[in-house]
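In what follows, a structure is listed as structure tokens, so that the remarks can point back to it.
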Amino acid sequence: MATQEYAQESTRSSSDLSITPDGKKKTINTGLDYEYITEYSYGPLESLNLMIPRFMGGASNEPLPEPSKTLSALRDLGATAQEARQIAPQIPMYWGEQPIVAAPAYIGAALLTLALLGLFFVRSLNLRWILPAIIMALLLSWGEHLDVLTRWFVDYVPLYNKFRAVSSIQVLIELLIPVMAVLGLNRFFNANTSKQEQVNALRKTLWIIVGVFVLTLIAGFFLLSFSGPYDSYFMDQLGMTFVDAVRADRQTLWLNDTLRSVIFSGLTLGTLWLAIGHKLTRNLAAAALICLVVFDLVGVASRYVNEEDFVAARMMERPFQSSRADQNILKDTAYFRVLDLTSAPFNSGRASYFHQHIGGYHAAKPKRMQDLYEFYIADEYPQVLNMLNVKYIIRSDQKTGAPKEIQNLANNGPAWFVSDILAVDSADEALLSLSQIDSKQTAVIRREEIQKLPVSSIQRDSLAQIVLISHQPNKLVYRSTATTDQLAVFSEIYYPKGWRITIDNKPVDMIRANYVLRALIIPEGAHDIVFSFEPEVVQQGSLYGIMSCVVFVLLISLASYKKGRSLFSSN
């Protein structure tokens, strides 16, 4: 519920604008762009990664095999051994179509073998939902390679068009394959299962496994080209001989992992064969299968998560080192924001670690802040930076390249009173008007919002003041004094859900101003204004979650009670 509520205000929902920063008409979508959603589409052939980890070469930065023909080719081109080692990580062993792959979606040869065995033992009631769910998840992970199905889900399934990568739906496969394996083993070792049934199931599984691996080996030696999307670039720069060496290394990785999966599948089936031949007890067989699955999965996982990825706690507690510019800014104890231009401000969390930063990274950014960045912040438009209370801008020094802070003395502060209102009719007009106003004097407000104001006009009071008394992410307290009713604008982002606003403990409603900010009519006199974030959706969701757990426990208890009575009666 909370995700759905926030999604409406994020970049994963339809935009409020109909134009782009360059003035062109904007395509209106209710979610992410189709091309963006399907950018990480799993190829149908790449799905064999589920059983053979480096079928498509593994990760984008996969290490070369030893010995490596690519390294030899680099040496032949004149590179020293050290230079060849430095260049090697830039040569992609991954030859699939996805832009970046951190690791293959490997489920495990041992686990898949057990799941395949489960096909012959899982009762039809469970098979009716497990197998279709696995197949559907696999087909949906293909994304643009199965365009008809993917577009139908994007257009008609709630929230589906909010997801970044279609390949992420493979988590369902990663859940259900072990479920299938466990249910199958439970029936395989059941006392009511005859030895003939066990032998038949093992034989069928063996023939399927042998067939898959034989076809894979035939394809790898005679049909697959191991050609990657960037090979043409390397061909132009280093020649065809070098590209042939790269493809040979890819084939080596494929062959090594194919043989590895053959071994784990064979050991899994061999363990089960020994169990039904009474060479192993059921408990020993179960322990052996657990070890096989663990060694299989950990062996592949350790290629991508290993000792180098584990660091001292202090490095996680302080992931960034402050620069001299950061240290100088931290001496200022006022409440303000910083714009760090030494890195992409909306794709880096570094500045947010030290300061109240207007950027940062989030996979589903507030859509109006993203609009503001694209139209104004990227160009450092002064009036927009002022209304966001940006007091410092960090740049790279032209001579030394070191970060250097530049103070902006024109920032508006945490809150201010305006004397004029510019009425607009649309979100487009509201955003474009920001380039025409002095944000310290004028507030841009939609006409329908103006109608909500409790007064028809405001008068400028040169002695009026509004100051921030205390601030936390979920609670801000201000104090104001004025001799007439005033319109206050706050340098905080307007979010329509969850905020409770009071003036002297009496609830009031805020309105949106300047496309992204909050505004409030404050009566004459001295007042305390409090913004508290108290989202009802979280409380409701928690209550429903607790109720669901209680009902689930009651159903399980009732089922267990009935099962117990049934067993007692039969005995």
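Any read-out appearing in this document is the output of simple, stated calculations on the displayed coordinates, not a laboratory observation. Keep in mind it's a predicted model, so treat the numbers as computed, not measured. Positions of Cβ are generated from backbone atoms using ideal geometry, with glycine treated the same way; all protein chains shown enter the neighbour counts.
List the longest stretch of the chain that has no exposed loop site; here a site is one of the GluC sites (Glu not before Pro) assigned by DSSP to anything other than H, G, I, E or B, with at most 15 other Cβ within 10 Å. Before the final figure, lay out the partial values.
Details: sites that count: Glu380, Glu524.
The longest uninterrupted stretch comes out as 1-379.
Which of the following values of Rg and Dmax of the Cα atoms in Å was calculated from the structure shown: (1) 31.2, 95; (2) 26.7, 118; (3) 30.7, 103?
(1)
For the stretch 317-407, what is the charge dipole size about the Cα centre, in debye to the nearest 20, if Lys and Arg each add +1 at the Cβ and Asp and Glu each add -1 at the Cβ? Present the calculation step by step, with values, prior to reporting the outcome.
Numbers: 12 positive and 10 negative charges, 29 e Å.
In total the dipole reaches around 140 debye.
Let me check I've understood the local charge: for Leu269, count other residues with C-beta under 13 angstrom from its C-beta, Lys and Arg +1, Asp and Glu -1. What total comes out? Working shown, then result.
Details: positive: Arg203, Lys204; negative: none.
My count for the surroundings of Leu269 gives +2.
Can you tell which of Ser232, Ala275, Trp254 lies farthest toward the positive end of the dipole of the stretch 219-277, using +1 and -1 charges on the Cβ of basic and acidic side chains (Lys, Arg; Asp, Glu)?
Checking the options against the dipole of the stretch 219-277, the answer is Ala275.
Net charge near Asn411, counting Lys/Arg +1 and Asp/Glu -1 over other residues with Cβ under 10 Å of its Cβ?
Numbers: positive: Arg337, Lys391, Lys440; negative: none.
Surrounding charge for Asn411 is +3.
To the nearest 20 debye, what is the magnitude of the charge dipole of the chain about its Cα centre, counting +1 on the Cβ of each Lys and Arg and -1 on the Cβ of each Asp and Glu? Don't skip to the end; give the middle numbers.
Numbers: 51 positive and 53 negative charges, 455 e Å.
Charge dipole, the chain, about its Cα centre: 2180 debye, nearest 20.
Please report Thr70, Thr281 as a ranked list, fewest other C-beta atoms within 10 angstrom at the top and most at the bottom. Present the calculation step by step, with values, prior to reporting the outcome.
Numbers: Thr70 25, Thr281 11.
Ordered from fewest to most neighbouring Cβ atoms within 10 Å, Thr70, Thr281 come out as Thr281, Thr70.
Calculate how steeply helix 282-301 sits against the longest principal axis of the alpha-carbon atoms of the chain, using the helix alpha-carbon long axis, and give the answer as 0 to 90 degrees to the nearest 10.
Relative to the chain, helix 282-301 is tipped by roughly 50 degrees.
Sequence gap at least 6, Cα distance under 8 Å: using those rules, report the relative contact order of the stretch 32-298 to the nearest whole percent.
Details: 334 pairs, mean separation 79.9, N = 267.
Averaging sequence separation for qualifying contacts and normalising by length gives 30 percent for the stretch 32-298.
Pairs of Cα atoms under 8 Å, at least six residues apart: use those to get the relative contact order of the stretch 416-536, whole percent. Don't jump to the answer; show the numbers that get you there.
Numbers: 246 pairs, mean separation 34.3, N = 121.
Relative contact order for the stretch 416-536 comes out at 28 percent.
Where the centre of each part is set by its Cα atoms, how far does the stretch 279-293 sit from the stretch 186-244, in angstrom?
Distance between centres, Cα-based: 25 Å.
Averaging over all projection directions, find the projected area of the Cα convex hull of the stretch 161-306 and quote it in nm² with one decimal place.
Values: hull surface 52.3 nm².
One quarter of the hull surface, i.e. the mean projection, equals 13.1 nm².
If you average the sequence gap of Cα pairs under 8 Å that are 6 or more apart and divide by the length of the stretch 317-407, what percent do you get for the contact order? Don't skip to the end; give the middle numbers.
Numbers: 107 pairs, mean separation 31.2, N = 91.
Worked out over the stretch 317-407, it gives 34 percent.
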